[in-house]
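The values are calculated or read from the model by the stated rules, or taken from the named source; none is laboratory data. Predicted, not measured: the structure shown is a model, and the values here were computed from it. Because the Cβ atoms are built from the backbone with ideal geometry, glycine has one as well, and the counts that use them run over all protein chains shown. Just the protein is used for accessible areas: all its heavy atoms, side chains included, with ligands, DNA and RNA removed. Shrake-Rupley method; radii C 1.70, N 1.55, O 1.52, S 1.80 Å.
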Amino acid sequence: MVSKLFSITEEPISIEQTVSLVSSRNAGAINTFIGTVREFTKGKRTLYLEYQAYAAMAEAKLAEIGQEINQKWPETKTAITHRVGKLDIEDIAVVIAVSSPHRGDSYEASRYAIERIKEIVPIWKKEHWEDGEEWIGNQLETKSYRKGTPSEEDLI
Amino acid sequence: MVSKLFSITEEPISIEQTVSLVSSRNAGAINTFIGTVREFTKGKRTLYLEYQAYAAMAEAKLAEIGQEINQKWPETKTAITHRVGKLDIEDIAVVIAVSSPHRGDSYEASRYAIERIKEIVPIWKKEHWEDGEEWIGNQLETKSYRKGTPSEEDLI
Amino acid sequence: MNKILFFAALQEKAGKESIELDVSGKSVKQVKEFVAQEYGLAKINESMTAINEEFAASDDVIQENDVIAFIPPVSGG
Amino acid sequence: MNKILFFAALQEKAGKESIELDVSGKSVKQVKEFVAQEYGLAKINESMTAINEEFAASDDVIQENDVIAFIPPVSGG
């Protein structure tokens, strides 16, 4: 049972539970983004995924994303749960829930959250195929991170 | 237990159930929009809501929205459940779930669905306040529906 | 014979969910005018009309056994 | 003494999750160069570095007891 707003877990994620963390009498809208394990990526068949996290830092960075969202969309409330370990096809890797009095903010903040997760949260995914495996990341070095720190400008 | 992709129900809506209708091995993203009953609207306190639907037509129109979405975002799958009857503050009125191989489509299609619901689906909401009640609708006649049919252009 | 359905504010104002009336051969516009007058439903002019669960135009003509519904501005979601 | 953490491909290449090393007084850049050479981790140059769970700059200097982590390009979500 996950009860923290921002958490890394090894257990299957309950969508209802993550949503319940942000539901409130002031909310009229809750946008939820659920990331699931897709079988085919660019024609290549994935057998399963393995997620690893630097858990303490990852939870801190998820909370930081929550703070960024509160700055940009003051009336929203955000919860994010990310699973680690071995995940099969169709399993849920991440659930983002953003509640808001009005629906526009909940969509925008939810979208912002998933984009930022892919930029600053220390979580890694290893794809396992029939003929190999690979840790996914920015293999092409299109980003240099010259300053050592990924700034918002660098990464969006 | 709701098992139709597009349905009107008098029972509380299960988010997990609606999501499970669109989950698939080809999906990497599921965007979910949950409409809940908000206590305050423009400073006025709502006690509870009452939803009424022309159920058969409403389900047909929800399915039509699903078809529109398939035209615009061919790889998505959509499910929509809308509740009717008396709803208390924080209760869930509608759940939209859209799965897609990639996340951008799931956000756009989900947003499209809720906007279209508010345009063409015969469902009505009655607000109950401490000092009165009112069926909500387009009271100001800003839309004329001169042709009798709400076209997409009229309504967006 | 035709069934005519009322919803939301129209239903409350009419005091019933539906009526039976033979309006075949009449246009949607004519039915609206008749019902508005007969039941004191001025707001019917803000409503759309559905015939057999599909939105209809003002000059569409009602057929025998068609089910007509007046659809006030919707407010679901 | 400092703890140095490896993740993902770096962890597999290093063959361990962490090492203990006294690198206090050195810059992030110097630690990266040392570790890259010592453990054959060329990919460390594509990684960011965190000190005590916060992203650090190349010229930040390590303090006694700081926990250092090399963060390969992330791929969560």
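Here are some notes:
- Residue (of B:HIS82, C:ALA36, B:GLY132) at the positive-pole extreme of the protein assembly as shown, dipole from beta-carbon charges: C:ALA36
- Peptides ranked, highest mean first, by Cβ atoms within 10 Å: ranges D:68-75, C:58-65: D:68-75, C:58-65
- The residue of chain A whose Cβ sits closest to the rotation axis that maps A onto B, together with that distance in whole Å, is A:THR32, 2.
- Axis-proximal residue of chain C for the rotation onto chain D, reported as residue and distance in whole Å: C:GLY77, 14, based on Cβ position.
- Charge tally in the Cβ shell below 14 Å around B:THR46, where Lys, Arg are +1 and Asp, Glu are -1, B:THR46 excluded: -2
- More than 29 angstrom apart: percent of Cα pairs within chain B: 20 percent
- Residue mean of other protein chain beta carbons inside 10 Å, A:112-125: 5
- Backbone HN-Hα couplings from phi across the range A:12-21 [Karplus 6.51/-1.76/1.60, Hz, Gly and Pro as x]: x, 8, 8, 4, 4, 5, 5, 4, 5, 5
- Averaged over the residues of peptide A:60-71, the number of Cβ atoms from other protein chains lying within 10 Å of each residue's Cβ is 1.
- Three-way shape call for the protein assembly as shown based on the alpha-carbon gyration tensor, with the a/c threshold at 1.5: prolate
- Ranked from shortest, the separations from the 7 Å Cα-to-Cβ label point of A:THR41 to its equivalents in the other copies are 4.3 nm.
- Protein accessible surface hidden between C and B, which excludes ligands and nucleic acids, total in Å², probe 1.4 Å: 2400 Å²
- Exam field: A:ALA60 pseudo-label spacings to other copies (7 Å along Cα-Cβ), nanometres: 5.9
- Accessible area per residue, Å², chain C with all protein chains present, probe 1.4 Å: 47 Å²
- Taking a point 7 Å out from the Cα of A:GLU50 in the direction of its Cβ, the residues of the range D:41-77 whose backbone N falls within less than 17 Å of it are D:72, D:75-76.
- Remark: chain B carries 44 Å² of accessible area per residue (probe radius 1.4 Å; ligands, DNA and RNA excluded).
- For the peptide A:19-31, the mean number of other protein chain Cβ atoms found within 10 angstrom of a residue's Cβ is 6.
- Set of aspartates and glutamates with alpha-carbon distance to B:LYS42 below 16 Å, sequence-local pairs under 8 removed: A:GLU75, B:GLU127, B:GLU130, B:ASP131, B:GLU133, B:GLU134
- For the range D:2-71, pairs of C-alpha atoms spaced more than 15 angstrom apart make up 43 percent of the total.
- Backbone HN-Hα couplings from phi across the range B:40-57 [Karplus 6.51/-1.76/1.60, Hz, Gly and Pro as x]: 10, 10, 6, x, 9, 8, 8, 8, 6, 10, 10, 10, 10, 9, 8, 4, 4, 5
- Estimated [θ] at 222 nm from DSSP helical runs (n ≥ 4, -39500 (n - 2.57)) normalised by residues in chain C, nearest 500: -7000 deg cm²/dmol
- Nearest-first distances (nm) between copies at B:GLU75, label 7 Å from Cα via Cβ: 3.6
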